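The values are calculated or read from the model by the stated rules, or taken from the named source; none is laboratory data. Remember, predicted model here, so these are calculated numbers, not experimental data. Note that each Cβ is placed from the backbone with ideal geometry, even for glycine, and that neighbours are counted across all protein chains shown.
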Amino acid sequence: MTITYDPRHAKYVNEADVRNEMTRVFDVCDDCRRCVDLCTSFPTMFAAIDRHVDHDAGRMTPSQQDQVVDGCFQCKLCYLNCPYTPADHDLAIDFPRLMLRAVAMRHATGQVGIRARITDNVLGHTDLIGKVASRSAPVANKVVAAAPGSPVRKALQLTTGVSSERLLPPYARQRFTTWFKRRPRVRIAKRQGRVAVFPTCVVEYQQPSIGHDLVKVYERNGIECSLVDGARCCGAPLLHIGDVEQFTKVAAKNLGAMASAVRRGKDIVVPQPTCSYVLKQDYTYYVGGADAELVAAHTYDAAEYLMKVHKGAGTSLDIDFTGQVPATVTYHAPCHLRAQNVGLKSRDLLKLTGAKVTLVQQCSGIDGTWGFRAENAPISLAIAGKLGELVRRADGNAVAGDCHLANIAIAEQTDEEPVHPLQLIARAYGISEEVVRR
């Protein structure tokens, strides 16, 4: 058994070694049980262990172990709760990364079925799908924006493995980077920062309005914006399906572009928390080196950077909100933002407008692309249902959340239309929303 989360280790995808390591970790988890209510992985694990009087995790079959792996949607919350993490204990347990190792092992050893590989190809290549869909948005949107459960969506599920029951985000005709390059130049009188925006696939292809408002809010506060030239999808979908080789290639290319921007005096700003987590955490694990460390140290979530300016020495945020400010806001804190341990910066930013903010921290069950797979939809929808109920109880005049995919899950479960926190800030400044053609 080898305790490693390093994909370059010789035994990283050795099946016997991975399964022995899972046995070790599952034994520790069984004694602790602190994470029993976070996801289905832990109840599944404990149920299998409880069948035996001696509670020996070594009695679990490979199939039972795989059920635990399949239930993990990489929310990272167990890592935050775990008392045995590598930095804090000799047991060195990182459950989410062990699950990623197990997925990578199954991918490397050919244990992924044909249907799963088809779904992997659809969900794992977001840049390619995004480019094609945005160019043919009216046609593509007739498919992805069709009503859940409709014949069109059932046909899509049959051919791609994407759940017919989930609400899917439509595509925009104009990509965010196209808008950015065509927009009039803005002259900044007093510069308070320089950032390179890494838009993410969601903002680039599906919800460019988040990027529009981010840039306008930043520029209003004296923050000069540019793009990360040459960057593509962060690679999270590839990592989560176990294709470590392709993920590492994508990450290395992105790191070259981002490190170059940082060395030119810019910080990297990311408007979606899954992607900012990948840049801060996964690139250092799976690629490593000086560029990865440099980029991680200079990567910020969109609201995190604004609060840095607000509380900085010699910098200040414009808090003259003369536009539309809702009296009450329900703010959903996504799992991948909480996992970054930077605090609730979006909540704090929204409070500056004078709005009363109610915090909701329930997971959405989406977590990247996991919740969109047909086989995961029943569990994911149940989790999203809990989130929807909390949002309804909060009964805010507006609902905001940093993760657009989690926002879609909220919209799916409620009558609300959540927006990114920076979009509420833009409206509070009196900045008009641009119309996005689809």
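How many residues does segment 403-421 hold that are part of a loop (DSSP other than H, G, I, E, B) and polar (S, T, N, Q)? First the steps, then the outcome.
Going residue by residue through segment 403-421, those that are part of a loop (DSSP other than H, G, I, E, B) are 403, 414-418, 420.
From the residues that got through so far, the ones that are polar (S, T, N, Q) too are 414.
So the count comes out to 1.
Residue pairs whose Cβ atoms lie under 9 Å apart, separated by 6 or more positions or on different chains, with the first residue in segment 149-161 and under 14 Å from Ala377 (Cα atoms) and free of Cβ contacts under 8 Å to residues at least 40 places away in the same chain and the second of a type in the set (D, E, K, R) and surrounded by 13 or more Cβ atoms within 10 Å (Cβ to Cβ), are Gly149/Glu165; Arg153/Glu165; Arg153/Arg166. Against the test of being surrounded by fewer than 20 Cβ atoms within 10 Å (Cβ to Cβ) and among the basic types (Lys, Arg), the options Arg97, Arg135, Arg101 yield a single qualifying residue, Arg135. Output the residues belonging to segment 135-164 that are under 21 Å from the mean Cα position of the chain (by Cα) and not in a loop (DSSP other than H, G, I, E, B). Passing the criteria: Val144, Val162. Cβ-Cβ distances below 7 Å connect the following pairs, each with a first residue in segment 266-291 that is hydroxyl-bearing (Ser, Thr, Tyr), a second residue that is part of a strand (DSSP E or B) and at pLDDT 95 or above, and a separation of six or more residues or different chains: Ser276/Val270; Ser276/Thr299; Ser276/Asp301.
Does Asp54 satisfy the criteria of being exposed (fewer than 14 other Cβ atoms within 10 Å of the Cβ) and within 18 Å of Gln281 (Cα to Cα)? No.
Which members of segment 198-238 meet the condition of being over 30 Å from Val103 (Cα atoms), in contact with a Cys (Cβ under 6 Å, 6 or more places away or on another chain) and of a type in the set (A, V, I, L, M, F, W, C)? Listed by number, the list holds a single entry, Val215.
From the list Asp54, Asp70, Asp88, pick out the single residue that is at pLDDT below 95, assigned to a helix (DSSP H, G or I) and not assigned by TED's automatic domain parsing to the domain that holds Ala406.
Details: Asp54 fails: assigned to a helix (DSSP H, G or I); Asp88 fails: assigned to a helix (DSSP H, G or I).
The conditions single out Asp70.
Quick check on segment 91-118: of everything there that is modelled with pLDDT of 90 or more and β-branched (Val, Ile, Thr), which residue is farthest from the chain's Cα centre (by Cα)?
Going through segment 91-118, the residues modelled with pLDDT of 90 or more turn out to be 91-111.
Subsequent filtering for residues that are β-branched (Val, Ile, Thr) retains 93, 103, 109.
Working: Ile93: 22, Val103: 18, Thr109: 27 Å.
Ranking the candidates gives Thr109 first.
Screening Val360, Val329 for residues that are over 30 Å from Ala155 (Cα atoms), surrounded by 14 or more Cβ atoms within 10 Å (Cβ to Cβ), hydrophobic (A, V, I, L, M, F, W, C) and under 20 Å from the mean Cα position of the chain (by Cα) leaves exactly one candidate, Val360.
Within segment 176-204, the set of residues being among the β-branched types (Val, Ile, Thr) and either in a strand (DSSP E or B) or in contact with a Pro (Cβ under 6 Å, 6 or more places away or on another chain) (or both) comprises Val195, Val197, Val203. Is there a residue being modelled with pLDDT under 95, within 30 Å of Gly289 (Cβ to Cβ) and either assigned to a helix (DSSP H, G or I) or in contact with a strand residue (DSSP E or B) (Cβ under 9 Å, 6 or more places away or on another chain) (or both) anywhere in segment 10-19? No, because not a single residue in segment 10-19 is modelled with pLDDT under 95, within 30 Å of Gly289 (Cβ to Cβ) and either assigned to a helix (DSSP H, G or I) or in contact with a strand residue (DSSP E or B) (Cβ under 9 Å, 6 or more places away or on another chain) (or both).
Let me confirm something: among Asp415, Asp402, which residue is among the charged types (D, E, K, R) and farther than 15 Å from Val203 by Cα?
On the way: Asp402 fails: farther than 15 Å from Val203 by Cα.
Just one listed residue meets the conditions, Asp415.
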